[in-house]
Amino acid sequence: MKRLATFTAVDFLHHSLYAPSMREANGQIVVDVRAVEKSFGDGADRIHVLKQVDLQARTGEIMMLVGPSGCGKTTLLSAIAGTMRVESGEIEVFGNPLEKMSGGALTRFRAKHIGFIFQQFNLIPTLTVAENVGIPLLIQGVSSSKALKRSREILDRVGLGERWKERPNKLSGGQQQRVAIARALVHEPPLVICDEPTAALDAQNGEIVLDLFRQVARSAERAVIIVTHDNRIFSYADRIARMDDGEIIEVTEQSHQQPPQFIHEHTH
Ligand SMILES: Nc1ncnc2c1ncn2[C@@H]1O[C@H](COP(=O)(O)OP(=O)(O)O)[C@@H](O)[C@H]1O
Ligand SMILES: [Mg+2]
């Protein structure tokens with residue numbers, strides 16, 4: 001956040017002159033992935049999962065990353081979130097080159113700047129819903145009473161205000177997913193990354209969640225990256241990056257002449 005606040009007109013001009021993709025963009029590039037490579041396994045079992053991947057995300061936008069199962073989407077998100085190291089290439093997040101950061105620095109950076117919604121929600125079963133949501137605030141040293149207050153506010157916004165005292169396993173899959181979303185947003189991270197955030201959500205709750213993501217993204221200093229193959233939500237994207245077999249094959253912009261709409265039926 002600090003870096004963005006001090007992003008001066010001169011910096012902007014410099015970027016506009018030297019980074020062609022910035023010229024038409026409203027937002028600043030806050031995630032910049034360049035020529036990233038990643039493989040798993042050895043010898044005959046080796047699989048090449050990310051192949052010279054380039055990808056940018058900007059403030060003020062929802063970027064959706066779509067593609068068939070196994071094409072490398074979660075791997076790419078993990079690399080951007082700094083939970084997995086890549087073999088070569090560069091990833092800059094808010095101007096910080098992740099490959100140059102130590103493990104400890106990366107952990108602190110992530111806690112402050114990134115809200116991550118995992119495909120499996122990773123809620124802690126022994127804590128209440130509100131306590132789970134408050135974790136990112138506690139990590140930052142916010143008092144527990146303040147953390148509880150902010151957790152309950154965000155739980156209200158995802159329609160779970162009444163359930164704050166319960167344990168996560170008392171909630172349905174879709175409700176647990178909304179708790180995970182609330183936890184990723186509670187500390188207002190400038191980058192929100194979500195892996196299949198609507199997979200367990202019905203249309204009504206999907207709409208609540210996507211509207212929330214849009215509000216989050218529209219605030220000028222935030223970027224949202226969503227991995228999805230849920231075609232009900234594609235209209236919420238400002239840009240869609242299509243991935244196949246470890247490569248980004250196409251990036252398209254959407255103009256939003258009409259407000260986005262959650263499509264209530266799956267189309268195939
Ligand atoms: N930790 C890992 N070890 C070995 N192989 C992995 C690992 N993580 C992912 N893979 C493999 O990498 C490929 C891409 O996986 P993933 O990024 O999860 O795809 P997606 O999220 O698009 O479904 C798959 O073939 C998967 O089996
Ligand atoms: Mg995945």
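Each value in this text was obtained by applying a stated rule to the coordinates, not by laboratory testing. Quick caveat, the model's predicted, so the values are computed rather than measured. All Cβ positions, even for glycine, are placed from backbone atoms using ideal geometry, and neighbour counts span all protein chains on display.
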Task: Long-range lysine pairs (8 or more apart or interchain), the chain, Cα under 20 Å - done: 11
Open item on the list: Report D for the stretch 36-107 in µm² per second (integer): Stokes-Einstein, Kirkwood Rh on Cα pairs, 20 °C, 1.002 mPa s.
Closed with: 160 µm²/s
- [ ] For the chain, report the convex hull volume of the alpha-carbon atoms normalised per residue, in Å³, without decimals.
- [x] 148 Å³
Open item on the list: Only four residue types carry charge here, +1 at the Cβ of Lys and Arg and -1 at the Cβ of Asp and Glu. Report the dipole size of the chain about the Cα centre in Debye, rounded to the nearest 20.
Closed with: 1160 debye
Open item on the list: Based only on other Cβ atoms within 10 Å, what is the fewest-to-most ordering of 178, 242, 85?
Closed with: 85, 242, 178
TODO: Give me 121, 94, 234 ranked fewest to most by other Cβ atoms within 10 Å of their Cβ, as a rough exposure proxy.
DONE: 234, 121, 94
TODO: Using 0.36 nm per residue of separation minus the Cα-Cα distance, give me the extension gain between residue 251 and residue 214 in nm, one decimal.
DONE: 11.4 nm
Task: Ratio Rg/Rh, restricted to the stretch 88-218 and using Cα atoms, in which Rh is the Kirkwood radius - done: 0.98
Open item on the list: Could you order the peptides 49-55, 205-211 from most to least packed, using the average number of other C-beta atoms within 10 Å per residue?
Closed with: 205-211, 49-55
- [ ] Place +1 on the Cβ of every Lys and Arg and -1 on the Cβ of every Asp and Glu in the stretch 135-234, take the dipole about the Cα centre, and give the residue among 177, 141, 216 whose Cα lies farthest towards its positive end.
- [x] 141
- [ ] Could you rank the peptides 250-259, 56-65 by their average count of other C-beta atoms within 10 Å per residue, with the highest value first?
- [x] 56-65, 250-259
Task: Cubic angstrom per residue, convex hull over Cα atoms of the stretch 153-222 - done: 83 Å³
Task: Rounded FRET efficiency, nearest 0.05, which uses the C-beta distance separating residue 44 from residue 188 and R0 of 45 Å - done: 0.45
Task: Most mobile listed residue (139, 154, 91) in the chain, GNM with C-alpha springs under 10 Å - done: 139
TODO: Could you give me the radius of gyration and the Dmax of the stretch 183-242, taking only the C-alpha atoms into account and expressing both in angstrom?
DONE: 11.1, 30
Task: Neighbour-count ranking [beta-carbon atoms within 10 angstrom, fewest first] of 229, 113 - done: 229, 113
Task: Computed over the stretch 147-268, Cα set: Rg, Dmax in Å - done: 15.1, 45
